[in-house]
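Below is one structure, written out as structure tokens; comments come after it.
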Amino acid sequence: MLLSAVMNYPDQLASILKLRKSSGLLAVDLFAGCGGLALGFEAAGIETIGFEKEFDACETYRHNLNSECHQVILDTSTKLPACDILIGGPPCQPFSVGGLQLGLDDSRDGFPAFISAVRRLRPKLFLFENVRGMLYSNRHYFDKIVSALSEIGYLISYKLLNAQDFGVPQRRERLIVIGHERVFAFPLPVSEPITVGDALLTLASSVPPESKFLTESMDRYVANYERASKCIRPRDLHLDRPARTLTCRNLAGATGDMQRVLLPDGRRRRLLVREAARLQSFPDSFEFFGGETSRYNQIGNAVPPIFAWHLAKAVLRQLEVPQQDGIPVFKGRIKRPIQPELAI
């Protein structure tokens, strides 16, 4: 589906990632962030309701999805509405290859809350996304998570998927874990890698008024950083290939591996918020709230929406939901209440 010969990448995102009329299937979205995962599910016709601790991310979610997003620090006793599907991205810092990998001993661990939600809500299916680091130094903790979820009564399927195989112009490998009564049929790659040039188009050579250029001292720092890390090719964005993984650190931080655009005149500028959003597959109509650092962090933490859309379509197939013109059809369904006072 991506890329077509008659429609450019931003236009395709706008066409696919529209809010669809829901016919009754509800997904509760834990650790929802700004709504990247939810946007993919909403575009597939699945209603969402979010739970997220960051104020700006909640504002972004509500504004773009027309769905409720409760600002709350999730724990094992947080009240949640009944749902068909449970989705989310429990905090991944404890398992990041670049982090301390403290796992269970890290206060940022969101898995006790997620497992508790599965136990209390008993959804038909649950899905969570996390970094590939869960399968490395903290594999013992991942095995505990799988064991706990299996004991609740779910068959657990998991797989490393690369977002660049699903229409995202970025090399972003993520662990997808599914709980259902049957083995999950993961989506198959659907596209050749989409390049930075495909995604940014003329933005890659533009110099908007808000551009921030690297100084001479920053250029020297970058050169030293790349020499020390033995980079074969500079870490600028290259128009002929997908981007490196977008993270909060390389979007918002003044680091040697920051995401940056190399202009035709040789100058380098930092990646703009809208450019970062497009490389994360957010449609241009998606508005981010908060200051610049907050907006970068929301983008860096998000699940790419077009990747989420492919996952959502696989979920619908797994649940054997009939579809008409690509939209799920539910007959005789009644929406479950989502008011907090009626929650579990």
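Every number in this text was worked out from the coordinates using simple rules, so none of it is lab data. In this text, all values refer to a predicted model and were calculated from it rather than measured experimentally. Heads up, the Cβs are rebuilt from the backbone with ideal geometry, glycines too, and the neighbour counts pull from every protein chain shown.
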Worksheet item: Based on the alpha-carbon gyration tensor of the chain, what equivalent-ellipsoid semi-axes (square roots of 5 times the eigenvalues) come out, in whole Å, largest first?
Response: 34, 23, 19
Discussion item. Only Cα pairs within less than 10 Å get springs; with that Gaussian network setup on the chain, which residue of Ile176, Ile299, Ile232 has the largest fluctuation?
Written reply: Ile232
Worksheet entry | GNM result for the chain, Cα springs below 10 Å: residue of His180, His63, His140 fluctuating most strongly | His140
Discussion item. I'd like the orientation of helix 305-318 relative to the chain: the angle between its Cα long axis and the longest Cα principal axis, in ° from 0 to 90, rounded to 10.
Written reply: 30
Worksheet item: Residues with amide H under 5 Å of Glu173's amide H, sequence separation 5 or more or different chain, H placed in the peptide plane at 1.01 Å from N; which?
Response: Ala163
Practice prompt. Taking amide H positions as placed in the peptide plane 1.01 Å from N, state which residues far from Val72 in sequence (5 or more) or on other chains have amide H under 5 Å from it.
Written response: Glu52, Lys53
Worksheet item: Using Cα atoms only, what is the angle between the long axis of helix 55-65 and the major principal axis of the chain, expressed in degrees (0 to 90) to the nearest 10?
Response: 70
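Give me D for the range 1-90 in µm² s⁻¹, whole number, from Stokes-Einstein with Rh from the Kirkwood sum over alpha-carbon pairs, 10 °C and 1.306 mPa s.
It diffuses with D of about 116 µm²/s by this estimate.
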Discussion item. Please give me, ordered by residue number, the GluC sites (Glu not before Pro) of the range 242-311 that lie in loop per DSSP and have at most 14 other Cβ atoms within 10 Å.
Written reply: Glu287
Discussion item. Nearest 10 degrees is fine. How inclined is helix 216-228 to the longest principal axis of the chain, computing both from alpha carbons?
Written reply: 70
Fill in: For the range 138-278, size of Cβ-based charge dipole, Lys and Arg +1, Asp and Glu -1, in debye
380
Fill in: the range 195-261: GluC sites (Glu not before Pro) in DSSP loop, at most 16 other beta carbons within 10 Å
Glu210
Item to complete: Please express the shape of the range 196-286 as an equivalent ellipsoid: the semi-axes are the square roots of 5 times the eigenvalues of the C-alpha gyration tensor, given largest first in whole angstrom.
Response: 21, 14, 13
Fill in: Dipole in debye (nearest 20) - the chain, about Cα centre, beta carbon charges: Lys, Arg +1; Asp, Glu -1
420
